[in-house]
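One structure below.
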């Protein structure tokens, strides 16, 4: 599921950060400072005493989107060069910042969490696809050419990624079906802070892009990437953590954050 997204990574594009650094700075600030802090505030307002759900919200608040934003940015007719640069930057920064941020926030809440398990999960679900993406892209372009790679291989792999995503969702909801049905109170409890967080973060990003005087094509990409969330699977993760415990599903939370 993650491998196709890694084929879009263009490290060379990061050199363009110097030309227009403002959207990138806003993205880093929103993804790694504002959103995690808002998530932390939400758990302290709504989830005091519920360790599992607190960790669920922290996991989600600390994991910016690294894949689907490319599609959303394209559909919104945003600046695609910025879209690629921001997404590539997200892919790289999540490797270095995800585990420290989650460990810090759970530590603030006095909740012990296996940072080693988080690190292993991150390396497995981001590191391996990233490595395979970089190596296979270079080999295929050298052997088949850039046009074949862009016009044939990447679209084909993209279709597989959609199937993999849908399969993942079906498996997750199937495994957590009993939890979803038998714990409606937990679903409601975790939905409230997540929805409020979403409204706050989106509102902040719209406001900050206006104050920064970004044009629409840059502003829409910034808002989409900076507000990227995972509510389609948030309830499944939260329920899994509530039913199974923090340590046993930390890897699952990491996996879901990659959407």
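Laboratory data are not the source of any read-out in this text; all were calculated from the coordinates shown. Predicted model only: the values in this text are computed from it and were never measured. Every residue, glycine among them, receives a Cβ derived from its backbone with ideal geometry; neighbour counts consider all protein chains shown.
How long is the gain from residue 95 to residue 144 if the chain were fully straight, where each residue apart is worth 0.36 nm and the alpha carbon distance is subtracted?
Additional length available on full extension: 14.6 nm.
Kindly rank 93-106, 140-153 from highest to lowest mean number of other beta carbons found within 10 Å of each residue.
By packing density, highest mean first, the sequence is 93-106, 140-153.
Test of understanding: express the Cα radius of gyration of region 61-114 as a ratio to 2.2 N^0.38 Å, with N the residue count. Display every interim value, and only then the final one.
On the way: Rg = 14.5 Å, N = 54, 2.2 N^0.38 = 10.0 Å.
Dividing the Cα radius of gyration by 2.2 N^0.38 Å gives 1.45.
To the nearest 0.05, how large is the calculated FRET efficiency for residue 162 and residue 41 if R₀ is 51 Å and r is the Cβ-Cβ distance?
The value I calculate is 0.90.
I need the calculated FRET efficiency for the pair residue 178 and residue 215, taking r as the beta carbon distance and R₀ as 51 Å, to the nearest 0.05.
0.55
Go from 0 up to the bin containing the longest alpha carbon distance in region 111-228, width 5 Å each, and give me the % of pairs per bin.
Using 5 Å bins, I get a P(r) of 2, 8, 8, 9, 13, 18, 17, 13, 7, 3, 1, 0 for region 111-228.
What is the fewest-to-most order of 157, 171 by other Cβ atoms lying within 10 Å of their Cβ?
Fewest-to-most ranking of 157, 171: 171, 157.
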